[in-house]
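Data block below; observations after.
Each reported figure results from applying straightforward, stated rules to the coordinates on display, with no laboratory input. This one's a predicted model, so the numbers in the text were calculated from it and none came from an experiment. Positions of Cβ are backbone-derived with ideal geometry, glycine not excepted, and every protein chain shown enters the neighbour counts.
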Amino acid sequence: MERTLCIIKPDAVKKKVQGSIIQMILDAGFKILGMKMLHLSKKQAQKFYEVHKERPFYNDLVDFMTSGPVVTIALEKDNAVTDYRYLIGATDPAEAKEGTVRKMFANSKQENAVHGSDSVENGKIEVGFFFAESEL
Ligand code: IDP
Ligand code: MG
């Protein structure tokens, strides 16, 4: 079984679509191991997105991710990383396929409703960023 981390981003929580997104995740066969609603601190958001710190969108991304509460969800499934990224669709909603979470709910390439881990290794690391093993 693989693990992957979902974050329902501030834009989606503001729009009150977190329930719809969670239902899509459950309907796609994922098991929810843990779920937390929290307001990220600037430090947390900077650390979580550290790999992007040289990118031009980094500071805006940190501001956006701390602009309101998020829901972090630890997910488990066979092939979780690939299957979840398929469910959420492309980073830019303009390129996301019909029926994907980002096509349905994203506002823009930045405000794109959800985060998803990009590799099996990062799935484990990112779940660990928000959840102690004893909580799962
Ligand atoms: P991903 O979330 O699909 O894995 P990444 O390239 O890892 O996409 O980027 C992380 C996040 O940074 C995106 O989900 C999005 O919120 C934001 N982002 C990525 N590229 C851009 C951009 O070109 N402009 C504004 N925000 C961006
Ligand atoms: Mg990414």
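At a glance:
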item	result
Environment charge at P69 (Cβ cut-off 13 Å; Lys +1, Arg +1, Asp -1, Glu -1)	+4
Given 14 as the ceiling on other Cβ atoms within 10 Å, longest exposed-site-free region of the chain for GluC sites (Glu not before Pro) in DSSP loops	1-53
Area projected by the alpha carbon convex hull of the chain, averaged over all directions, nm²	7.5
Neighbourhood net charge (14 Å Cβ-Cβ; Lys/Arg +1, Asp/Glu -1) for E111	+2
Most mobile listed residue (G89, G99, G116) in the chain, GNM with C-alpha springs under 10 Å	G99
Computed E for L26/E54 - FRET, C-beta separation, R0 25 angstrom, nearest 0.05	0.10
GNM flexibility winner over the chain from K77, K14, K43 (Cα, springs under 10 Å)	K43
Charged-residue dipole, Cβ positions (Lys, Arg, Asp, Glu), the range 60-136 about Cα centre, Debye nearest 20	240
Environment charge at A94 (Cβ cut-off 12 Å; Lys +1, Arg +1, Asp -1, Glu -1)	+2
About the Cα centre, charge dipole magnitude for the chain (Lys/Arg +1, Asp/Glu -1 at Cβ), debye	400
